[in-house]
1. Which pairs do you get when a residue that is among the acidic types (Asp, Glu) and surrounded by fewer than 16 Cβ atoms within 10 Å (Cβ to Cβ), found in segment 122-148, comes within reach of a residue that is at pLDDT 95 or above and part of a helix (DSSP H, G or I), reach meaning Cβ atoms under 8 angstrom, with the pair 6+ apart or on two chains?
2. Can you name every residue in segment 38-54 that is among the hydrophobic types (A, V, I, L, M, F, W, C) and outside any helix (DSSP H, G or I)?
3. Quick check on residue 41: is it farther than 20 Å from residue 121 by Cβ, in contact with a Pro (Cβ under 9 Å, 6 or more places away or on another chain) and at pLDDT 95 or above?
4. Please work out which residue is farthest from residue 52 (Cα to Cα), limiting yourself to segment 65-101 and to residues that are of a type in the set (Asp, Glu) and open to solvent by 80 Å² or more (accessible area, probe 1.4 Å).
5. Any residue at all in segment 55-73 that's at pLDDT below 95, outside any loop (DSSP other than H, G, I, E, B) and of a type in the set (A, V, I, L, M)?
6. Can you find a residue in segment 131-138 that is at pLDDT 95 or above and under 16 Å from the mean Cα position of the chain (by Cα)?
Amino acid sequence: MTLHFSRFTILLILALPSAGTSLAGDVPFLNGRVNDTAGLLSHTTVAELESLLKSHEDSTSNQVVLLTVSGLGGESLEEFSMRVVDTWKLGQRGKDNGVLLLIARDERAVRIEVGRGLEGDLPDITCGLIIRNEIVPHFRDGDYDGGVRA
C-alpha cells in the first residue's frame with residue numbers, strides 16, 4: 001500500500017505546474033526591457049524597442065519596461081501592475097524613476113504604472129491620453145507593434 005501511495009504522490013506532483021511555469025497571474029521573470037510573454041510583438045519590434053529603451057535609460061536614467069501577458073488570472077490590472085513593479089524593482093533606488101507599460105491580452109487592458117519619481121513628468125492624465133489616443137487605436141486594428149511603438 002505504501003509503495004502505491006508513493007507512486008501516486010510522485011505522479012500527482014509531476015502533474016502539477018512547476019514553480020518555473022508562468023501561470024496567468026504570475027509575475028514573469030524580468031528578461032529585459034521588453035517582456036512579450038503573450039507573443040504579441042514581432043521580433044523586429046522587440047529588438048527595436050529594446051534598443052530604444054536602453055538608449056533612453058542611458059541618457060535619462062529613467063527605466064521604461066514593457067510587459068505583455070496573456071491574462072491576469074482574475075486579478076485586477078492595477079493590482080497585477082503593482083505586483084510586477086514591486087517584484088521587478090523598476091527604476092533606480094532612491095529615485096523611483098521606473099515606468100511599466102502592461103498589456104493584458106485576454107482582458108484587452110493596458111496600463112502605464114509610473115514610479116513616484118516620475119509622476120510630475122508623467123501624470124495619470126497623460127498616461128490615460130497616451131493609452132486612449134496612441135495605443136488603443138492601433139490595438140483595435142490588431143496592430144500591437146504599432147500601438148506599442150506609438
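1. 134/147
2. Result: 38, 40, 41.
3. no
4. Once the filter is applied, the top-ranked residue is 79.
5. Checked segment 55-73: no residue is at pLDDT below 95, outside any loop (DSSP other than H, G, I, E, B) and of a type in the set (A, V, I, L, M).
6. Yes, that holds for at least one residue.
The values are calculated or read from the model by the stated rules, or taken from the named source; none is laboratory data. Note that this is a predicted model, so its numbers are computed, not measured. Every residue, glycine as well, gets a Cβ built from its backbone with ideal geometry; the counts of neighbours run over all protein chains shown. With ligands, DNA and RNA removed, areas are computed over all heavy atoms of the protein, side chains included. Shrake-Rupley method; radii C 1.70, N 1.55, O 1.52, S 1.80 Å.
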